[in-house]
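The values are calculated or read from the model by the stated rules, or taken from the named source; none is laboratory data. The structure presented is a predicted model; accordingly, all values stated were derived computationally and were not measured. Counting neighbours? That spans all protein chains shown, and the Cβs are built from the backbone with ideal geometry, glycine included. In case anyone asks, the SASA skips ligands and DNA or RNA and just uses the protein heavy atoms, side chains included. Shrake-Rupley method; radii C 1.70, N 1.55, O 1.52, S 1.80 Å.
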Amino acid sequence: MMGWDNTKGAALWFTVLVMGMSGACNLIIGDYTADVGQDTETGANTDTDTDSDADTDTDSDTDADTDTDSDSDTDADTDTDSDSDSDSDTDADADTDADADSDTDADTDTDADTDTDADSDTDADTDSDSDADADTDADTDSDTDTDSDTDTDTIIPTPELAVLHDTILIGTGELIELDGVVVDGPGGEQSPDQVFVLRNDGDAPLTIDDVALSLDADDGSEDYYLDTTALQTDLEPEEQTSFSVVFDPLIVGALDALVTIQSNDPDTGSFVINFAGNGIDDEAPVPGGAGIIDPVDTVTPFESSPSWTGASDNVTPAEQLEYLVVRSYADNIDTVDSALANGDIVVSWSPDITTAEVVAEVGSTYYVNVLVRDAAGNRAAYQTVEVSAPNVVYLFGTGVLQTDAPAGSRATGDGICESRRDSEYPDLPSGHVLIFVSFRNDAILQMADNYSIPKDRWFVGPTGTPVARSWSDLMDQEIETSLRDAEVTDHGMWWSGTSENGEASTHNCDNWSYYFVPATYNGMQGHTGQKNQKWLGFEGTPTDPTQALQCRWTGVFLCLAWD
């Protein structure tokens, strides 16, 4: 048996005395357990110590709460007790469950708790502070959630117009370029329908206030048509509607238009779609009168006056159709292309004409055709007409001669004319050349019969200017053009020896054999500036020397030439 230490014994006695007063308990102190156990009263004190250990367990539960707040609840609960499922995430309830579990654990873990007597209270205080902090963090998180809800409430629902063309989303101001369409009148060839879908991509109702078409045709024609029969004006979110535009040009050329969509979209309340089209005319005019050209009568020996019936066109007004007249000496102008390639242009493209003057070589056969074109440049040809230009008899003057030049015979006079033709007018016919003058028994009036002068031909000056349409027209005391204007001669008079009616006159300077007859005025003249009977001749008197010439004076003779 160990010796007793008075100091330890006194302390132990005091402790036993005090604890014994508190009730029965089981005191276990290291190696001294057996000694204390010998005293029954001390055993009661040991029970009191066990209650103190239970308090320590409660503090341990508090530690478990602290671990739970730091998201390591599972480990702490496992070490301390299996009932730590009272999740510390629920702050107040977790504390309550921990206290209840602590009482149960006190009866089970007596030995383990004995080692922690001194530190248990201190840990409990620390754990208590941690719980308070955990509660504070939870309150802070709640405030954050409230702020997030406030931001969401400020979003205002709005409508949003989306426009699609051929399933493709387009923006305002978009240009829709259309293929060319033939101009063939209303309801004819048209462009494919241009369908536009209007969709509400917003989160509030969309209202279509108006869809309007604006045209840009100078003539006011309606070349675009808007169809809104399927259009709905009120669209809920994700709903859609549609309209269409068709291009049906009435005139040729570039034609523009635009469609404006008015809605309650706050960003594009006025949405514009531009259109660019082109009217095409590929149909040629139709020649009038089955395309027949009437040559009519010749205006002059060198001119014909063909006429035709005006053409018609599907687009271009009749008065705006243009005509081209061509001539060829070969039959090679029957089509548009051949006429342009081979024809000589007589009349350039001119609007609204139905006749023309066509000049050709005397005595030739030539061909005339007419082309017509519309405003788009489409062309058509009439039917070629054949024209025969009449032969003519030319009139030209000799040089200035005295009256005895013919020397009394027509043959001598014909020789003078032949020389003149050869020297001055080599392009004139040379088959027949005669002096145009009356001899005593050979008047101008009978020359056509006597010398086979063609009676049905035109009589013209050396450059082709008509003097008379025929022999009878030449002899009827009225001609078409004066000899001076027809460039037959620029002299003021010519020796004719002929009266006004074409008969031979006695005033012929002794049958044109002498140039000198003293003091007499017996040379009959014709006036080159007159178109009436005086062009051929009139009687002169001694008192009016301007009407008859003295034979000693000089003048010109006229000549005829033909083939």
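Remind me, relative contact order of the range 352-463 in percent, using alpha carbon pairs under 8 angstrom and six or more residues apart? Display every interim value, and only then the final one.
Values: 109 pairs, mean separation 27.6, N = 112.
Answer for the range 352-463 is 25 percent.
Å³ per residue of the Cα convex hull, for the range 212-299? Intermediate values should be presented prior to the final figure.
On the way: hull volume 13.7 nm³, N = 88.
Here the figure is 155 Å³ per residue.
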Exposure of K534 as accessible area (Å², to 10), given a probe of 1.4 Å and all protein chains
90
Heavy atoms of Y514: accessible area, 1.4 Å probe, square angstrom to 10:
130
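State the percentage of accessible surface on the range 317-402 attributable to carbon and sulfur atoms; use a 1.4 Å probe and exclude ligands, DNA and RNA. Don't jump to the answer; show the numbers that get you there.
Working: 1570 of 3700 Å².
C and S atoms contribute 42 percent here.
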Run the simple label-point estimate for S423 and K455 please: 7 Å along Cα→C-beta, distance reported in nm.
3.6
With the dipole of the range 459-527 defined by +1 on each Lys or Arg Cβ and -1 on each Asp or Glu Cβ, the option from S513, S499, I479 whose Cα lies farthest towards the positive pole is S513
Hey, rough spin-label estimate for V347 and D193, points 7 angstrom out along Cα→Cβ, what's it come to in nanometres?
5.0
Which ³J(HN,Hα) values in Hz, rounded to whole numbers, follow from the phi angles of the range 409-416 under the Karplus curve 6.51 cos²θ - 1.76 cosθ + 1.60, where θ = phi - 60° and Gly and Pro get x?
9, 5, 4, 5, x, 4, x, 4
Rounded to the nearest 0.05, what FRET efficiency do Q477 and D334 have when you use their Cβ-Cβ distance and R0 = 41 Å?
0.35
What's the extension gain from L226 to H165 if we count 0.36 nm per residue and subtract their Cα-Cα distance?
20.5 nm
Rounded to the nearest 10 Å², the accessible area of E386 at probe 1.4 Å:
110
